[in-house]
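Q: The structure that follows is given in the form of structure tokens.
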Amino acid sequence: DAGRFRFDGIAFDPALVYGMSVTYQGALYGMDIDLSQGSPAPVAVDVYDATDSQDGLFFASESVLFASADESSRTVSTLEIVRLVNDSQLAYVPGSGPMELLRFGLPEAASDLRLETTLAGADFVQVDLGFALLASVPPGEHELMYSYVFPYDGAEASFIRTLRNDVKQLRVLAPTGVLKLSSDRFGDPETVAIGDRPYQLLEADGLEVGDM
């Protein structure tokens, strides 16, 4: 009663991962539970009122890595990592209309999209010029990582992105010697070392919805 639950007789199997989830006003909350030491201490799950408004959502950072270019297939393999922040006191839940979905842009004719995220029960659906995230977003910071390939012609590839959420920090990287970055807006790239490998880096801060 009063939102309290007890589960008895759960046999521990080290080959399994245990967790719990709860749905409140359409938002899904979940967490892993460690049963290796026997019954855990009581677990509390914070829940929030829900909204389909994206007013509290922004990207604390977005990193775009052009990892490699395949000359035989004329495609660029790309990895993006986003730190998504909900700084409101409401859990975002996708609405029914296309403009009420949290959308992410992709290059034209992008394919082989794969998504990993810390958000519970997340899925996605491809939409015009990108994909929409099908997941509730509780208050706090959450990570998304997605990869894809996109085609290019000749010796150049154009990457155009219209922002649908504010981005506090944008980083664009490519391995030196694999691709050569250039940008009319962000200037010339600098060279940075990641591990023992040099990368080209373009950076920008304080980008707003609608920026390209």
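The values are calculated or read from the model by the stated rules, or taken from the named source; none is laboratory data. If you're wondering where the values come from, they're calculated on a predicted model, not measured in any experiment. Counting neighbours? That spans all protein chains shown, and the Cβs are built from the backbone with ideal geometry, glycine included. Note: accessible area is taken over every heavy atom of the protein model, side chains too, but ligands, DNA and RNA are not part of it. Shrake-Rupley method; radii C 1.70, N 1.55, O 1.52, S 1.80 Å.
Q: Taking the condition in contact with a Pro (Cβ under 9 Å, 6 or more places away or on another chain), open to solvent by 40 Å² or more (accessible area, probe 1.4 Å) and charged (D, E, K, R), does R197 pass? If you could, list the steps in order and put the result at the bottom.
A: Details: in contact with a Pro (Cβ under 9 Å, 6 or more places away or on another chain): yes; open to solvent by 40 Å² or more (accessible area, probe 1.4 Å): yes; charged (D, E, K, R): yes.
In short, yes.
Q: Output the residue which, of all residues in segment 23-59 that are assigned to a strand (DSSP E or B) and more than 22 Å from the chain's Cα centre (by Cα), is nearest to R103 (Cα to Cα).
A: As a first pass, look at segment 23-59 and keep what is assigned to a strand (DSSP E or B): 23-24, 27-33, 50-51, 57-59.
Next, only the ones that are more than 22 Å from the chain's Cα centre (by Cα) stay: 24, 33.
Numbers: Y24: 23, I33: 31 Å.
So the residue we want is Y24.
Q: Specify which of the listed residues (A69, A109) is on the phi < 0 side of the Ramachandran plot and either modelled with pLDDT under 95 or aliphatic (A, V, I, L, M) (or both).
A: Numbers: A109 fails: on the phi < 0 side of the Ramachandran plot.
Only one candidate passes the filter, namely A69.
Q: Only one of S88, S73 is small (G, A, S) and either open to solvent by 50 Å² or more (accessible area, probe 1.4 Å) or assigned to a strand (DSSP E or B) (or both). Can you tell me which? Give the steps one after another, and end with the answer.
A: Numbers: S88 fails: either open to solvent by 50 Å² or more (accessible area, probe 1.4 Å) or assigned to a strand (DSSP E or B) (or both).
On inspection, the qualifying residue turns out to be S73.
Q: Scanning segment 27-62 for residues that are among the small types (G, A, S) and open to solvent by less than 30 Å² (accessible area, probe 1.4 Å), which turns out modelled with the lowest pLDDT?
A: Ranking the candidates gives G56 first.
Q: Just give me the residues in segment 141-191 being among the hydrophobic types (A, V, I, L, M, F, W, C), touching a residue at least 40 places away in the same chain (Cβ under 8 Å) and either open to solvent by 40 Å² or more (accessible area, probe 1.4 Å) or under 17 Å from S77 (Cβ atoms) (or both), in sequence order.
A: Selection gives M145, V149, F150, A157, F159, I160, V172, L173, A174, V178, L179, L181.
Q: Between residues in segment 58-78 that are under 12 Å from A157 (Cβ atoms) and of a type outside the set (S, T, N, Q) and residues that are open to solvent by 20 Å² or more (accessible area, probe 1.4 Å) and outside any strand (DSSP E or B), which pairs lie under 7 Å by C-beta distance while being six or more apart or on different chains?
A: From segment 58-78, the pairs are F66/L179; A69/V178; A69/L179; R74/Y152; V76/Y152; V76/A157.
Q: Please go through segment 91-108 and give me each residue that is open to solvent by 70 Å² or more (accessible area, probe 1.4 Å) and either of a type in the set (A, V, I, L, M, F, W, C) or not in a loop (DSSP other than H, G, I, E, B) (or both), ordered by number.
A: Listed by number, the residues that qualify are P98, M99.
Q: Select from segment 120-140 the residues that are closer than 18 Å to L79 by Cα and touching a helix residue (DSSP H, G or I) at 6+ places or on another chain (Cβ under 9 Å) and list them in ascending order.
A: Listed by number, the list holds a single entry, A132.
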